[in-house]
Amino acid sequence: MRAGFAVTTIDAFADLDLHPAVRGLSVPRDFGTSFSPEAAARAASDLAVEAAVYGANFENHPEAVTALAAGRPLWGNPPAVLRRVRDPRQLADLFRRRGIPAPAVWMNAPNDTNGSNDPNDPNDRLDRFSIRCRAEALASADTRTLKRALYGETQTALVKPLSSGGGRGVRAWVGGDIPLGCYLQQRIEGVPGSLVFVAAGGRSVPLAISRQLVGDPAFGADGFMYCGNILAAVGDPQFRQDEALVGAASAIARAVAEEFELVGVNGVDFIAADGVPYPIEVNPRWCASMELVERAYGVSMFGLHAAACTAGTLPVFDLSRARSEGNTVGKAIIFARRDVTLGNTREWLEDATVRDVPHPGERIAEGHPICTVLAEGEGAAARYTAPVHRASRV
């Protein structure tokens with residue numbers, strides 16, 4: 001709306017705090033079915049709109065993107081691009097060719113039901129060792145042996161769904177075959193973060209870097225669940241060697257934008273260790289941290305997205321200057337600690353720091369999101385404490 005567009009939204013919630021000029025449709029409430037990207041695409045098929053834009057987690061459902069874009073322009077990365085950029089091996093290959101430090105990945109071979117890749121691949125230590133483990137019928141007690149053979153004494157691996165999103169389904173690997181629909185990624189110790197950028201024509205412009213909140217029990221999250229971001233000014237101690245980190249993360253954005261011909265706004269998730277960002281995932285669509293960029297730097301993210309997708313136009317934007325002059329802002333997603341039925345949430349609309357307000361009487365299951373809380377001011381530490389207090393109140 002701020003970018004000057006008339007908007008119809010289709011999602012799982014159609015939250016109470018949508019702008020009154022937005023036509024907000026909820027797949028469960030308005031179409032009587034459970035939300036999925038496929039269901040949302042079907043619901044959109046009869047809408048008379050000029051263009052389609054998707055968010056999470058359509059990137060894992062290229063067929064739904066095809067359906068969503070039928071008969072209308074698509075402002076975003078097309079299905080063929082999604083299939084490539086969401087392939088962990090293609091990403092790993094890109095980073096290896098470009099000399100970008102990145103975690104190792106291991107995947108099931110396409111036609112291999114035993115969970116191994118090519119045993120003749122001299123670089124695939126996991127597969128050669130797991131094949132030997134199965135041949136020798138090693139018990140789970142020998143997981144330590146396998147991990148030591150892979151990485152040494154201190155490192156581990158994570159099991160990640162190929163259709164990952166928000167950290168759901170990610171868990172520590174404890175040995176054995178790679179589950180179907182999943183892959184293994186080397187676990188890097190460090191601070192989780194993300195860089196958002198806009199791309200067109202093989203070029204990219206970095207827009208912001210932020211720390212991710214992951215699995216924080218203060219917000220009802222656990223494990224590897226994404227639960228917010230803190231976007232801080234230059235020099236804030238939430239990242240070590242922060243200027244070097246921004247430069248290296250921007251180089252990652254350039255590499256993926258050029259390799260996969262990305263368009264519009266995108267994001268890269270990484271783990272920061274001593275000024276080095278280790279990329280763990282590319283999100284080729286609108287990212288949750290982008291509302292913080294608008295608050296901190298005063299730019300219209302949707303305006304940038306539309307310009308890149310329709311005209312291939314990228315902004316003149318100096319991230320270093322923006323970080324030195326911008327404010328520190330944060331957001332946290334609050335998850336239900338138990339099954340709840342909400343009361344009068346209309347009162348929440350009076351608090352400008354509470355967003356994504358659910359409807360009165362809405363039922364929310366344990367582990368599902370309730371709302372988002374925002375904070376703004378001096379320093380990342382303060383921008384973390386404020387959402388913690390608001391989460392307790394919610």
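Read the figures in this text as sums done on the coordinates, not as results from a lab. Remember, it's a predicted structure, so these values are computed and weren't measured experimentally. Every residue, glycine among them, receives a Cβ derived from its backbone with ideal geometry; neighbour counts consider all protein chains shown.
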inquiry  = Using amide H atoms built in the peptide plane, which far-off residues or other-chain residues are under 5 Å from Thr313 H to H?
reply    = Ala308
note = In whole angstrom, the spacing between the Cα centers of the stretch 244-270 and the stretch 81-105 equals 12
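Tally Lys/Arg at +1 and Asp/Glu at -1 over every other residue whose Cβ is under 15 Å from the Cβ of Arg42; what's the total? Mind dumping the intermediate values first?
On the way: positive: Arg72; negative: Asp11, Asp30, Glu38, Asp46, Glu63.
Overall, the nearby charge balance is -4.
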note = Going residue by residue through the stretch 266-281, the Karplus relation 6.51 cos²θ - 1.76 cosθ + 1.60 with θ = phi - 60° gives ³J(HN,Hα) values, rounded to whole Hz and with x marking Gly or Pro, of 8, x, 10, 8, 8, 10, 8, 9, 6, x, 10, x, 9, x, 10, 5
inquiry  = For a quick check, take a GNM of the chain with Cα springs below 10 Å and name the residue from Pro28, Pro88, Pro358 with the largest mean-square fluctuation.
reply    = Pro28
inquiry  = If you fit an axis through the alpha-carbon atoms of helix 88-98 and take the longest principal axis of the Cα set of the chain, what angle between them do you get, 0 to 90°, nearest 10?
reply    = 80
query = Residues with amide H under 5 Å of Tyr183's amide H, sequence separation 5 or more or different chain, H placed in the peptide plane at 1.01 Å from N; which?
reply = Lys160, Leu162
message = If I fit a long axis through the Cα atoms of helix 242-260 and take the longest principal axis of the Cα atoms of the chain, what angle between them do I get, 0 to 90°, rounded to 10?
response = 80
task = Measure out, as a whole number of angstrom, how far apart the alpha-carbon centroids of the stretch 211-238 and the stretch 284-359 sit.
result = 15
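What is the Å³ per residue value for the convex hull set by the Cα atoms of the stretch 252-307?
Spelled out: Cα convex hull of the stretch 252-307, divided by residues, is 97 Å³.
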key: Distance (nanometres) between label positions extended 7 Å along Cα→Cβ at Arg29 and Asp87   = 4.1
remark   = Sites removed, the longest contiguous part of the chain containing no DSSP-loop GluC sites (Glu not before Pro) with at most 15 other Cβ within 10 Å is 190-365
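Sum up the charges of everything whose Cβ sits under 12 Å from the Cβ of Pro179, counting Lys and Arg as +1 and Asp and Glu as -1, but leave Pro179 out. The partial results should precede the final answer.
Details: positive: Lys160, Arg171; negative: Asp177.
So the surrounding residues net to +1.
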inquiry  = Can you work out the Karplus-derived ³J(HN,Hα) for every residue in the stretch 381-394? Use 6.51 cos²θ - 1.76 cosθ + 1.60 with θ = phi - 60°, whole Hz, and x for glycine or proline.
reply    = 4, 5, 6, 8, 4, 4, x, 4, 5, 5, 4, 4, 5, 4
task = Hey, for a label at Asn60 modelled as a point 7 Å past Cα toward Cβ, could you say which residues of the stretch 252-271 have their backbone N under 18 Å away?
result = 267-270
Net length gained if the chain between Glu347 and Ser45 were fully extended (0.36 nm per residue, minus Cα distance) = 105.2 nm
inquiry  = Given 10 °C and 1.306 mPa s, compute D for the stretch 305-371 with the Stokes-Einstein relation, Rh being the Kirkwood radius over Cα pairs; round to the nearest whole µm²/s.
reply    = 102
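As a test of the formula, what do you get for the chain when each DSSP H run with n ≥ 4 contributes -39,500 (n - 2.57) and the sum is divided by the residue count, at 222 nm and rounded to the nearest 500 deg cm²/dmol? The partial results should precede the final answer.
On the way: 12 runs with 117 residues, N = 394.
For the chain, the value works out to -8500 deg cm²/dmol.
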Cα-based equivalent ellipsoid of the chain: semi-axis lengths in Å, sorted from largest, via gyration tensor = 34, 24, 24
ask   = What is the P(r) of the stretch 260-394, as percent of Cα-Cα pairs per 10 Å bin from 0?
value = 10, 30, 35, 20, 5
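Hey, fewest Cβ within 10 Å first, where do Ser320, Ser204, Ser250 land in order? Walk me through the numbers before you get to the answer.
Working: Ser320 13, Ser204 25, Ser250 20.
So the ranking, lowest neighbour count to highest, is Ser320, Ser250, Ser204.
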query = Where Rh denotes the Kirkwood radius from the mean inverse Cα pair distance, what is Rg over Rh for the stretch 221-336?
reply = 0.95
ask   = Counting only Cα, what are the radius of gyration and maximum Cα-Cα distance Dmax of the stretch 8-83, in Å?
value = 12.1, 36
